[in-house]
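To start, the structure itself, in structure tokens.
The values are calculated or read from the model by the stated rules, or taken from the named source; none is laboratory data. Not measured: the values here are computed from a predicted model. So basically every Cβ, Gly included, is an ideal-geometry build from the backbone, and we count neighbours across all protein chains shown. Calculation scope for accessible area: heavy atoms of the full protein, side chains included, ligands and nucleic acids excluded. Shrake-Rupley method; radii C 1.70, N 1.55, O 1.52, S 1.80 Å.
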Amino acid sequence: MDPRVEKRLGLKELAGKIMSAQEAAALIEDGSVVGMSGFTRAGDAKVVPMALVERAQNEKFKIDVYTGASLGPEVDNHLAAAGVINKRGPFQGDAVMRGLINKGEISYVDAHLSHNAELVRQGVIGPIKHAIIEAVAITEDGQIIPTNSVGNSPIFAQYAENIIIELNIAHPESLIGIHDIYVPAEQGKREPFPITNAEQRIGTKGIVVDPAKIQAIVISEEPDAPSLIVPPDEETQNMANILLDFFRSEIKAGRLTNELMPLQSGVGSVANAVLDGFANSEFENLVVSSEVLQDAVFNLIDAGKVKFAAATSITLTEELQKKVYGNLEKYADKILLRPQEISNHPELIRRLGLISINTALELDIYGNVNSTHVSGTKMMNGIGGSGDFARNARLGIFVTKSYAKGGAISSIVPMVSHVDHTEHDVDVIVTEQGIADLRGLAPKERVELIIENCAHPDFKEQLRDYYNRAVEATGNAQTPHILEEALSWHVNLAKNKTMKKEVVKA
């Protein structure tokens, strides 16, 4: 046995279950429901899915795939393109997968990320035939030590009939000890989570399973696919500055201190850039309690701004992967990874008083947010954890550039084409143009604030024209709309490739 493998395989009796990826892939039957580890391209199954792709060249079969969130190309690109995936949930972020979903070739179950474990527990998702989990080690007592994400792996392992482990010896051993695995009991028998600050540990260092369920162990040396975030640009930096000024005003009003409250930042370039803005600020002793730790979090740890960060996944660009995983001991006492049903749980979010920063595709003049559907019909990625956090946060903040497609599209429209977050869940909106604090405002009070502060100048007159005519047409109703025109901007985009149109004067 490879000494590197022997060192990671604490329960020696499992050595007889080591097999090739092809042999493990052959165990998965047509029509199976498969739970796979991984959350935002981190800690995901890799070599067994690619063996399934190879198998699909000579055999027709389909499986339902449930994960923590988006995965790397081995599943969401290659396995999808091979025609193997029948149904996918709860989140994805791959162009190939997206295209097949929007062609109706893959059924997609978009869901709040904190809800999936409960659906498994209740038997709505399942029965799970196989759980494929990437691990950095297996302890002497059979605990599975995840790599750099936890996601839904604990609940998959608990309820799966069989477990296939990808023992990835390329990941550093220093990952051992950063996990806090806590799986709640069934509803009605469940104790409150004994967490009052993000640093607390309440579980085990690994996933506790019956070793008899481990069907196969496949050795892997495949690295995680790097994050696709891009560096901050002038506009995202401006959004960060706007948000920092807002926090300063909250401190002045006595609602926050210089340490703020625990921060959550959603996946993606804009949210990461906004968080990165804290690096050169006066804020300090910050705590992150999020679902994903992106580049900005480790930059802030290095800058002495973040003292602790808890999440369910670490997702980094190639440059930061080398920096962090090559020196993980430096960060090990400052980070913690939990299952996503804990990191994203409403009880914990509300108790800790999180400041939640997530990205919108579009929003309307009353503050409703669309995070998922382009023009109301085509899935982008999914709602992810944004709903878990926004509805329950102390401050639910949504960020987006005010325009898209070179200025042809306004991110602020009369009515969103799909609603993921209602106006009741949205406290603050930030674009590169400015900020709208919607707290305590009635619908009509929000309109001018959103248009004046957040809309792109090219669309402000057009938005005001719609609203003024809606007020007149509805007799100044609570939430004025002209139903025949409310989605006309999207219709115009479909026909003319732009939302811009000549303003009709009342």
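Points worth noting:
- Cβ-defined net charge surrounding residue 47, 10 Å radius [Lys, Arg +1; Asp, Glu -1]: -4
- All aspartates and glutamates inside 12 Å of residue 129 as judged from Cα atoms, apart from same-chain residues fewer than 8 positions distant: 29, 30, 64, 161
- Relative contact order (percent, whole number), segment 23-77, Cα cutoff 8 Å, 6+ residue spacing: 49
- Averaged over residues, the count of other Cβ atoms within 10 Å places the peptides 351-364, 104-117, 457-470 in the sequence 351-364, 104-117, 457-470, highest first.
- Segment 208-313: GluC sites (Glu not before Pro) falling in loop per DSSP and having at most 13 other Cβ within 10 Å: 221, 259, 282
- Pairwise FRET efficiency - residue 329 versus residue 468, Cβ, R0 = 51 Å, nearest 0.05: 0.25
- Separation of segment 352-396 from segment 425-479 is 18 Å, based on Cα centroids.
- Taking only protein heavy atoms and a 1.4 Å probe, the accessible area of segment 355-460 is 49% carbon and sulfur.
- For the residue pairs 87/378; 378/405; 323/378; 46/87, the C-alpha atoms sit more than 26 angstrom apart in 323/378.
- Farthest towards the positive end of the charge dipole of segment 1-99, among the residues 22, 75, 90, is the Cα of 90, using unit charges on the Cβ of Lys, Arg, Asp and Glu.
- Subtracting the Cα-Cα distance of residue 498 and residue 350 from 0.36 nm times their residue separation leaves 49.3 nm of extension gain.
- Heavy-atom SASA rank of 239, 19 (probe 1.4 Å, accessible area, largest first): 19, 239
- MRE, 222 nm, helices only [DSSP H, n ≥ 4, -39500 (n - 2.57), over the chain, to nearest 500]: -8000 deg cm²/dmol
- When every Cα-Cα distance of the chain is counted in 20 angstrom steps from zero, the calculated P(r) takes the values 23, 53, 22, 2, 0 percent.
- Over segment 103-203: Rg over Rh, Cα atoms, Kirkwood Rh: 0.99
- In the chain, Cα pairs under 8 Å separated by at least six residues give a relative contact order of 13 percent.
- In this rough spin-label picture, where each label sits 7 Å from Cα along the Cβ direction, the residue 477-residue 241 distance is 4.2 nm.
- Within segment 10-94, the GluC sites (Glu not before Pro) that combine a DSSP coil assignment with at most 16 other C-beta atoms in a 10 angstrom radius are 29, 59.
- Of interest is the spacing of the C-alpha centroids, which for segment 166-198 and segment 103-122 amounts to 21 Å.
- For segment 1-43, the solvent-accessible area of protein heavy atoms averages 46 Å² per residue (probe radius 1.4 Å; ligands and nucleic acids excluded).
- Listed by chain and number, the lysines whose alpha-carbon sits under 22 Å from that of residue 444, ignoring those within fewer than 8 places in the same chain, are 460, 505.
- Remark: spin-label model distance residue 12-residue 228 equals 4.6 nm, labels positioned 7 Å along the Cα→Cβ axis.
- Accessible area in square angstrom per residue, segment 328-486, 1.4 angstrom probe: 35
- Counting 0.36 nm for each residue step from residue 4 to residue 173 and taking away their Cα separation leaves a gain of 59.8 nm.
- In plain terms, the chain from residue 488 to residue 107 could stretch by 134.3 nm, reckoned as 0.36 nm per residue minus the Cα-Cα distance.
- Overall, the accessible surface of segment 107-254 at a probe of 1.4 angstrom is composed of carbon and sulfur to the extent of 51 percent.
- Solvent-accessible area per residue, Å², over segment 144-210 with all protein chains present [probe radius 1.4 Å]: 37
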